[in-house]
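K.L.:
Structure provided below as structure tokens; questions to follow.
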Amino acid sequence: MDIRHRICLWYDGTALDAAQFYAATFADSAVGAVYRAPADYPSGRAGDVLTVEFTVLGIACLGLNGGPAFRHSEAFSFQVVTEDQAETDRLWHAIIDHGGQPSACGWCKDRWGLSWQITPRALSEAIADPDPAAAKRAFEAMMTMTKIDIAAVEAARRG
């Protein structure tokens, strides 16, 4: 893993659990090195998992078990482009059915509070349609959804 550039994600003692879930759920994802604290620290004890190197969707990450001081917010999210409804449904349910929460317009949160945008390619293409009326219809349809329904978006795009 190239450790020169990566995203650091803060967890409250659950970085390894999160990394293992992401590796099992998303393509091009894996758990790498796990480092344990060599001494006690404010939110943990010697021997506790301190950091976990992992990739999610090919993006290098470091999970830091920093304690309860900071929480994830919607200001940061992973966007996952899906190719069809089956992939959209599989990823959505993997997150929601394992302690996550649905939100609007294809967004959801995993059980650790990290936000995900499960975005079908068809949705992006529809809201970028060169016909402004078609793009508007697709956008307005999306605004009523939690998990994206590709058939409904395409129907709205067609009018």
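K.L.:
Hand me the trypsin sites (Lys or Arg not before Pro) from segment 65-142 located in a DSSP loop with no more than 16 other Cβ atoms within 10 Å, in residue order please. Don't skip to the answer; put the middle values down first.
P.N.:
Working: sites: Arg71, Arg90, Lys109, Arg111, Arg121, Lys136, Arg137; in loops: Arg71, Arg111.
Hits after loop and neighbour filter: Arg71, Arg111.
K.L.:
Taking a probe of 1.4 Å, how large is the accessible area per residue of the chain, in Å²?
P.N.:
Details: 8430 Å² over 159 residues.
Value for the chain: 53 Å² per residue.
K.L.:
If you take Cα extents along the principal axes in Å from the coordinates, which of (i) 56, 38, 25; (ii) 63, 28, 24; (iii) 72, 43, 27 do you get?
P.N.:
(ii)
K.L.:
Counting only protein heavy atoms and using a 1.4 Å probe, what share of the accessible area of the chain belongs to carbon plus sulfur, as a whole percent?
P.N.:
54 percent
K.L.:
What's the center-to-center distance, using Cα atoms, between segment 119-159 and segment 1-79 in Å?
P.N.:
Each part reduced to its Cα centre gives a spacing of 34 Å.
K.L.:
Same structure, new question: Given the rule -39500 (n - 2.57) for each run of at least 4 DSSP H residues, summed and divided by the residues of the chain, what is its mean residue ellipticity at 222 nm, to the nearest 500 deg cm²/dmol?
P.N.:
-9000 deg cm²/dmol
The values are calculated or read from the model by the stated rules, or taken from the named source; none is laboratory data. Please read all numbers here as calculations on a predicted model, not as lab measurements. All Cβ positions, glycine included, derive from the backbone under ideal geometry; neighbour counts span all protein chains shown. Keep in mind that these areas ignore ligands, DNA and RNA; they rest on the heavy atoms of the full protein, side chains included. Shrake-Rupley method; radii C 1.70, N 1.55, O 1.52, S 1.80 Å.
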